[in-house]
1. With respect to residue B:179, is the statement that it is part of a loop (DSSP other than H, G, I, E, B) and under 18 Å from the mean Cα position of the chain (by Cα) true?
2. From the list B:6, B:59, B:31, pick out the single residue that is of a type outside the set (D, E, K, R), more than 18 Å from the chain's Cα centre (by Cα) and over 27 Å from residue B:107 (Cα atoms).
3. Can you name the residue in the range B:174-210 that is of a type in the set (Ser, Thr, Tyr) and more than 7 Å from every other protein chain (Cβ to nearest Cβ) and, of all such residues, is surrounded by the fewest Cβ atoms within 10 Å (Cβ to Cβ)?
4. Tell me, yes or no, whether the range A:60-78 has at least one residue that is away from chain B (no Cβ under 14 Å), within 11 Å of DNA strand C (Cβ to nearest atom) and in a helix (DSSP H, G or I).
5. Any residue that is hydroxyl-bearing (Ser, Thr, Tyr), more than 30 Å from residue A:56 (Cβ to Cβ) and assigned to a helix (DSSP H, G or I) - is there at least one of those in the range A:96-104?
6. Checking the conditions here, which among A:98, A:126, A:86 is more than 21 Å from residue B:102 (Cβ to Cβ) and β-branched (Val, Ile, Thr)?
7. Could you list all residues from the range A:113-170 that are surrounded by 14 or more Cβ atoms within 10 Å (Cβ to Cβ) and either of a type in the set (Gly, Ala, Ser) or outside the structural domain of residue A:101 (by TED's automatic domain parsing) (or both)?
8. What number goes with the only condition from (1) hydrophobic (A, V, I, L, M, F, W, C); (2) within 15 Å of residue A:34 (Cα to Cα); (3) touching a Pro at 6+ places or on another chain (Cβ under 8 Å) that residue A:48 does not pass?
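The values are calculated or read from the model by the stated rules, or taken from the named source; none is laboratory data. From a predicted model like this one, the values you see are computed outputs, not experimental measurements. Heads up, the Cβs are rebuilt from the backbone with ideal geometry, glycines too, and the neighbour counts pull from every protein chain shown. In case anyone asks, the SASA skips ligands and DNA or RNA and just uses the protein heavy atoms, side chains included. Shrake-Rupley method; radii C 1.70, N 1.55, O 1.52, S 1.80 Å.
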2 protein chains.
Amino acid sequence: MREHLIAAPLPTIRRIPRYLNVLEDFAAEQISFVSATDIANKLGLKPIQVRKDMAFTGIVGKPKVGYKTDELIETIKSFLGWDSATDAFLIGAGALGTALLGYRGFAERGLQIVAAFDIDPKKIGTRIHGKEVFPISKMAELAKRMQVHIGVLTVPAESASQCAHALMDAGITGIWNFSPAELDVPESMTVQREDLSAGLAVLSVRMSEKKQGIV
Amino acid sequence: MREHLIAAPLPTIRRIPRYLNVLEDFAAEQISFVSATDIANKLGLKPIQVRKDMAFTGIVGKPKVGYKTDELIETIKSFLGWDSATDAFLIGAGALGTALLGYRGFAERGLQIVAAFDIDPKKIGTRIHGKEVFPISKMAELAKRMQVHIGVLTVPAESASQCAHALMDAGITGIWNFSPAELDVPESMTVQREDLSAGLAVLSVRMSEKKQGIV
DNA sequence: TAGATTGTTAATCGATTAACAATC
DNA sequence: TAGATTGTTAATCGATTAACAATC
């Protein structure tokens, strides 16, 4: 009997998109069944970890055979909510914001950026990668009309908390925060920090540990 | 007696840049001593966790007083290797690569991108945010001459493993990988994945858990 | 001084890994 | 069938949190 579905640990959630990547490679090679071992080998992980992670998605495999590739892909997409597109706003049409507006990978991960917002009058009214740039004052109205609940925040640290407030007022409940600022928002909102500094810190420390042979 | 310095846990390393951010705010306000509680409050963390993390940097505080702000900033920067600039190459001058080439925040985090590389003949020879774009074939020679050991990889998934190979041949030992591809490199190299999909997955799952009241 | 805060040791919590029966 | 792989329960490992003596 399968255990009742419980909230997945954060490290599990972060690994699941990697499973999806390799599964799509397997599917492209017409491999219709994959085992936890097959997946683990591609990612340098241990089969037992893959098996445990898979259990959280609700997939049921076949002993000796593994998981049906297509079914596992669909189960994972549904688990992540990537099986249907979710609309999002982008706030801050600077260099990083522009890059994200042009990134085609979001579409296959269920995220559709439908409009951009900025304070710069020169940007307002223009289109970036086909998406119109609006003034922040229009956000609440548009969010309501377009039923948008996610904001991708790509503004400088100085403007971040002010923009977070505007997002809250617009009824946005999820913020993907690319700014290094700490956002002070109510419990009801979900904030996901995408902090380049953290990644750079890990790279820096790992390299110097390796050089010094601490490991 | 202070415990002998041991390799810091990964979650600790990822939090340390956040401490640096708030410390710089405190320093800007001329606050010369800060306690673990002061820092924790700004970040929504627990003081004991901040205190434990700080121990890994080697800082020594004063009971009742806390840590000397300036000294803590310097200790953290030195711990992260951010006290002196490290040169890096960027590979893949597309939208994301261009954004990173223009990002001014790296300088204060010890990273100096000194050149870009691409396969597109139209980009080669041009300058992006002041940095010249070279063909990948020039990388080994330039890495040797400029003593560069870090590569920021911003190419599409399809080219990633090929570029990783070129980086290895050029003597690069650390890769900051912004592509979703899995890189197969020798143990001696350090790879830091900067995976947008993982962050998006966490945001997606957290939001749907909140909506369904699973927590 | 009394109170607050550090640094360390111990307890708890959560994630990873191991072991193994069930099964296709 | 025999062997391989799943799903579950137990053991281990590592990070977080608690407790508390030392101390400015």
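1. On the way: part of a loop (DSSP other than H, G, I, E, B): yes; under 18 Å from the mean Cα position of the chain (by Cα): yes.
In short, yes.
2. On the way: B:59 fails: over 27 Å from residue B:107 (Cα atoms); B:31 fails: over 27 Å from residue B:107 (Cα atoms).
Just one listed residue meets the conditions, B:6.
3. Of all residues in the range B:174-210, those of a type in the set (Ser, Thr, Tyr) come to B:179, B:188, B:190, B:197, B:204, B:208.
Filter once more, keeping what is more than 7 Å from every other protein chain (Cβ to nearest Cβ): B:179, B:188.
Numbers: B:179: 25, B:188: 8.
Here the residue is B:188.
4. Within the range A:60-78, not a single residue is away from chain B (no Cβ under 14 Å), within 11 Å of DNA strand C (Cβ to nearest atom) and in a helix (DSSP H, G or I).
5. Step one: of the range A:96-104, the residues hydroxyl-bearing (Ser, Thr, Tyr) are A:98, A:103.
Now restrict to residues that are more than 30 Å from residue A:56 (Cβ to Cβ): A:98.
Among the residues that remain, those that are also assigned to a helix (DSSP H, G or I) are: A:98.
The answer is yes; a qualifying residue exists.
6. Values: A:98 fails: more than 21 Å from residue B:102 (Cβ to Cβ); A:126 fails: more than 21 Å from residue B:102 (Cβ to Cβ).
Exactly one of A:98, A:126, A:86 is more than 21 Å from residue B:102 (Cβ to Cβ) and β-branched (Val, Ile, Thr), namely A:86.
7. Within the range A:113-170, A:115, A:116, A:140, A:143, A:151, A:159, A:160, A:161, A:164, A:166, A:170 qualify.
8. Looking at each condition in turn, residue A:48 falls short on (3).
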